[in-house]
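Report on the structure given below.
The values are calculated or read from the model by the stated rules, or taken from the named source; none is laboratory data. Just so it is clear, the structure is predicted and the values come from calculations on it, not from any experiment. So basically every Cβ, Gly included, is an ideal-geometry build from the backbone, and we count neighbours across all protein chains shown.
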Amino acid sequence: MDYVQLETESKLFCDCPTNFNEAPINQNICPICLNQPGAKPHPTNQHAIENALMISLMLNCKIDQGFTYFMRKHYDYPDLSSGYQRTSVQA
């Protein structure tokens, strides 16, 4: 699977800038980016979603008109009662 960097000014789930080429190392991060306990993602970056849909249409992909959701990576947190953080965003 290949990945592509969409040209947006902020990341998908937070307001941190995406200018990683110009910024010093570890400058464009926040608790949301780092998926720290209690850090809830912001509403999805609408510009990124529009770009992804446009690329999908150009590639003749089928776009599901039904329910769409995002799931972030989860890591074990021994200090949480559940043992892991659960976050998801619905669009």
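Quick notes
- Flag if residue 73 is modelled with pLDDT under 80 and among the charged types (D, E, K, R): yes
- Failed item, numbered, when residue 26 is tested on (1) surrounded by 12 or more Cβ atoms within 10 Å (Cβ to Cβ); (2) at pLDDT 80 or above; (3) of a type outside the set (Gly, Ala, Ser): (1)
- Answer residue from region 18-69, given it is assigned to a loop (DSSP other than H, G, I, E, B) and among the β-branched types (Val, Ile, Thr) and is nearest to residue 3 (Cα to Cα) among those: 18
- Within region 3-27, residues that are in contact (Cβ under 8 Å) with a residue 24 or more places away in the chain and closer than 24 Å to residue 69 by Cβ sit with their Cβ atoms under 7 Å from residues that are β-branched (Val, Ile, Thr) and not in a loop (DSSP other than H, G, I, E, B), at 6+ positions apart or across chains, in these pairs: 13/89.
- The set of residues in region 28-45 being hydrophobic (A, V, I, L, M, F, W, C) and within 23 Å of residue 68 (Cα to Cα) consists of 32, 33, 39.
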